[in-house]
Amino acid sequence: MLPPYSADESLEADETLRKPPKANSNDFLKNALSNFQYQISTHPRFWLFTFFLFFQLVVLIFTRNSPFPFSTHSPPQSLPHFPSETALFADIQKPHHDPNAIYPFGDSECEYGRVYVYNLPSKFNKDLALTTCDDLDPWKWQCGLVTNDGYGKRSTDLAGILPGNLSAAWYRTNQFSSEVIFHYRLLNYRCRTNDPDSATAFYIPFYAGQAVGKYLWTDEIENRDLLSNKVLKWVQRQKYWKRYNGSDHFLTLGRITWDFRRLGDPEKLWGSTFLNRPQMQNVSRFTIERAPWDANDISVPYPTGFHPHSEKELREWQNFVLSYNRTSLFTFIGAARGDINSDFRSRLMSYCRNESDSCRVVDCAVTQCSNGSSEIQEALLSSDFCLQPKGDSLTRRSVFDCMVTGSVPVFFWRRTAYTQYQWFLPEEPGSYSVFIDPEAVRNGTASIKEILKSYSKDQVRKMREKVVETIPRIVYARPSGGLGTIKDAFEIAVEGVLKRVKDENEWKEYVDMGS
């Protein structure tokens with residue numbers, strides 16, 4: 001059985017601020033002015049009364065146009081809400097292209113086609129998302145997953161260590177929230193279509209991670225499969241599933257792939273059997289850790305707490321971390337696992353404490369390591385390198401927390417990153433990271449400190465520049481429509497699937513024509 005996630009990986013979240021749309025006042029104002037002129041010319045004795053009415057109307061109009069009228073305070077917090085089934089951006093069924101226009105994503109607005117998002121019954125997504133955090137496992141991993149469209153509550157811990165308004169781009173994002181984030185972003189995606197006949201690919205907004213998560217630490221094995229079995233029956237009844245037997249469909253798994261691949265061995269009863277089902281063999285899925293043999297598993301970055309609102313905010317952050325004065329050679333953030341024999345994290349913890357002149361330690365068994373904490377950010381910002389052993393599985397959210405702060409990751413297992421996130425990380429591992437053989441560390445033939453000290457300042461600077469250059473590709477932007485010409489992790493992932501589906505469909509059509 002895979003071990004449960006440790007307490008240092010549990011996160012919080014809450015609601016965001018939403019502004020109501022502005023009312024269109026042009027017609028009201030025009031009619032009011034006309035009426036006012038008429039009353040003056042025909043009933044002059046009542047002009048004071050009419051003027052009073054007109055003044056009231058103007059006040060009403062400006063009040064309606066102001067999101068929070070006559071208030072100098074912040075707007076009230078909204079209740080937790082879910083992705084709306086109505087796109088915020090108008091769906092363009094037959095886009096008109098101006099031949100003189102310059103499109104930020106190429107000659108065509110949607111080069112690889114469009115996505116149709118199924119409107120699933122709420123029991124498969126909305127109803128799974130809890131607005132309270134007292135119903136689950138001891139680590140409360142599901143707290144705040146759906147608040148603020150999956151991004152979580154704004155982080156207040158970082159205001160004291162970040163300059164200007166940069167802390168406004170930081171949220172307490174749950175590491176398992178990608179199902180909600182992708183759903184929200186796809187409903188507002190520039191290449192979404194409401195016409196399934198025009199779609200290249202079809203998105204299934206099933207919150208599979210939330211469906212299985214509640215039962216992972218219980219013996220209710222049948223409940224782990226209940227909703228996944230039902231959603232497969234639902235989607236198989238859809239007309240467009242039958243066209244290619246699901247090969248043009250995709251979804252997002254908010255947990256690692258191993259949580260959906262339960263084996264028949266009684267000693268390996270962890271997770272559900274969702275990905276073992278025959279119906280899932282053609283479906284592409286985004287997951288925070290993939291199975292190396294399954295081409296339909298596509299690793300996407302863990303959600304971190306950094307969600308820039310604009311290109312300007314992104315560039316300010318990149319400049320900030322690139323020029324930050326780093327006083328430690330390396331850092332380790334995590335918790336030792338005493339229940340695991342020869343736990344490598346325990347070894348790194350001890351090593352760092354013995355090398356306190358070079359290494360900074362954040363022990364998550366002592367310090368609250370929920371996302372957004374100032375202790376984590378200060379340690380990462382102050383260090384040239386950050387040690388990244390495997391977590392409870394081969395990948396670890398801390399890899400992306402590390403890189404977002406401009407610290408250079410040090411890996412001990414190649415599958416932690418190199419064979420996982422090829423769409424998002426630089427092609428050459430040595431350009432942005434360091435690899436150290438874990439067995440050499442265990443037997444004492446390799447010194448982490450001496451290896452890292454062997455890199456010159458110029459080499460470290462170049463690796464940091466590569467890490468900082470990569471930041472846009474590993475974060476999820478806050479605006480529902482993304483960052484314009486900059487492609488974040490969401491844009492890269494969805495465009496990659498669209499391209500793959502489009503290429504496969506064209507190949508199938510070519511083969512069919514030949515036969």
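The values are calculated or read from the model by the stated rules, or taken from the named source; none is laboratory data. Since the structure is predicted, the reported quantities are computational estimates derived from the model, not experimental observations. All Cβ positions, even for glycine, are placed from backbone atoms using ideal geometry, and neighbour counts span all protein chains on display. The area values use the complete protein model at the heavy-atom level, side chains included, leaving out ligands, DNA and RNA. Shrake-Rupley method; radii C 1.70, N 1.55, O 1.52, S 1.80 Å.
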Can you tell me which residue within segment 319-357, out of those that are modelled with pLDDT of 95 or more and among the β-branched types (V, I, T), is most open to solvent (accessible area, probe 1.4 Å)? T327
Looking at segment 355-388 only, could you name the residues that are outside any helix (DSSP H, G or I) and of a type in the set (A, V, I, L, M)? V361, V362, A365, V366, L387
Checking the structure you have, find out if any residue of segment 461-477 is free of Cβ contacts under 8 Å to residues at least 60 places away in the same chain, part of a helix (DSSP H, G or I) and in contact with a strand residue (DSSP E or B) (Cβ under 7 Å, 6 or more places away or on another chain). yes
Right, P429: within 30 Å of A199 (Cβ to Cβ) and at pLDDT 95 or above or not? no
Taking segment 145-167 only, how many residues are of a type in the set (G, A, S) and within 12 Å of G305 (Cβ to Cβ)? 3
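Residues are listed down the side, and each one gets a yes or a no for (1) at pLDDT below 95; (2) under 26 Å from Y184 (Cβ atoms); (3) within 22 Å of the chain's Cα centre (by Cα):
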| position | (1), (2), (3) |
| --- | --- |
| L227 | no, yes, no |
| K230 | no, yes, no |
| R237 | no, yes, no |
| I256 | no, yes, yes |
| D265 | yes, no, no |
| G271 | yes, yes, no |
| R285 | no, yes, yes |
| E289 | no, yes, yes |
Checking the structure you have, find out if any residue of segment 161-175 is more than 29 Å from I471 (Cα to Cα), surrounded by fewer than 19 Cβ atoms within 10 Å (Cβ to Cβ) and not β-branched (V, I, T). no
So for segment 328-343 (the condition being more than 30 Å from S247 (Cα to Cα), out of contact with any strand residue (DSSP E or B) (no Cβ under 7 Å at 6 or more places or on another chain) and part of a helix (DSSP H, G or I)), does at least one residue qualify? no
Residues of segment 181-199 that turn out to be assigned to a helix (DSSP H, G or I) and acidic (D, E), as a count: 1
Exactly one of (1) out of contact with any helix residue (DSSP H, G or I) (no Cβ under 8 Å at 6 or more places or on another chain); (2) closer than 17 Å to K123 by Cβ; (3) of a type in the set (G, A, S) is unmet by A211. Its number? (1)
Test each condition in (1) outside any helix (DSSP H, G or I); (2) touching a strand residue (DSSP E or B) at 6+ places or on another chain (Cβ under 8 Å); (3) over 23 Å from F202 (Cα atoms); (4) among the hydrophobic types (A, V, I, L, M, F, W, C) for W293 and report the one that comes out false. (2)
Scope segment 203-228; condition assigned to a helix (DSSP H, G or I) and touching a residue at least 40 places away in the same chain (Cβ under 8 Å); matching residues: A208, G209, Q210, A211, V212, G213, I221, R224, D225, L227, S228
Could you check segment 177-204 and list, in sequence order, the residues that are closer than 18 Å to R255 by Cα, over 9 Å from the mean Cα position of the chain (by Cα) and among the aromatic types (F, W, Y)? Y184, Y203
Taking segment 204-231, which residues are crowded, with 24+ Cβ neighbours inside 10 Å and of a type in the set (F, W, Y)? F206, Y207
What's the number of the only condition in (1) aliphatic (A, V, I, L, M); (2) at pLDDT 95 or above; (3) open to solvent by 10 Å² or more (accessible area, probe 1.4 Å) that M280 fails to meet? (3)
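Yes or no, residue by residue, for (1) under 26 Å from the mean Cα position of the chain (by Cα); (2) free of Cβ contacts under 8 Å to residues at least 60 places away in the same chain; (3) in a loop (DSSP other than H, G, I, E, B); (4) on the phi > 0 side of the Ramachandran plot:
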{"residue": "N325", "(1), (2), (3), (4)": "no, yes, yes, no"}
{"residue": "R353", "(1), (2), (3), (4)": "no, yes, no, no"}
{"residue": "K390", "(1), (2), (3), (4)": "yes, yes, yes, no"}
{"residue": "V399", "(1), (2), (3), (4)": "yes, no, no, no"}
Restricting to segment 178-212, what's the tally of residues that are farther than 17 Å from P301 by Cβ, in contact with a strand residue (DSSP E or B) (Cβ under 8 Å, 6 or more places away or on another chain) and of a type in the set (A, V, I, L, M)? 5
Count, please, the residues in segment 478-510 that happen to be open to solvent by 10 Å² or more (accessible area, probe 1.4 Å), in a helix (DSSP H, G or I) and within 29 Å of F411 (Cβ to Cβ). 5
Restricting segment 373-385 to residues that are crowded, with 23+ Cβ neighbours inside 10 Å and within 22 Å of the chain's Cα centre (by Cα), which is nearest to Y455 (Cα to Cα)? L380
Which numbered condition trips up L145, out of (1) modelled with pLDDT of 95 or more; (2) assigned to a loop (DSSP other than H, G, I, E, B); (3) under 19 Å from A489 (Cβ atoms)? (1)
Name the single residue that is most open to solvent (accessible area, probe 1.4 Å) among those in segment 431-450 being hydrophobic (A, V, I, L, M, F, W, C) and outside any loop (DSSP other than H, G, I, E, B). F435
May I ask you to list the residues in segment 407-420 that are surrounded by fewer than 24 Cβ atoms within 10 Å (Cβ to Cβ) and assigned to a loop (DSSP other than H, G, I, E, B)? F412, W413, Y418, T419
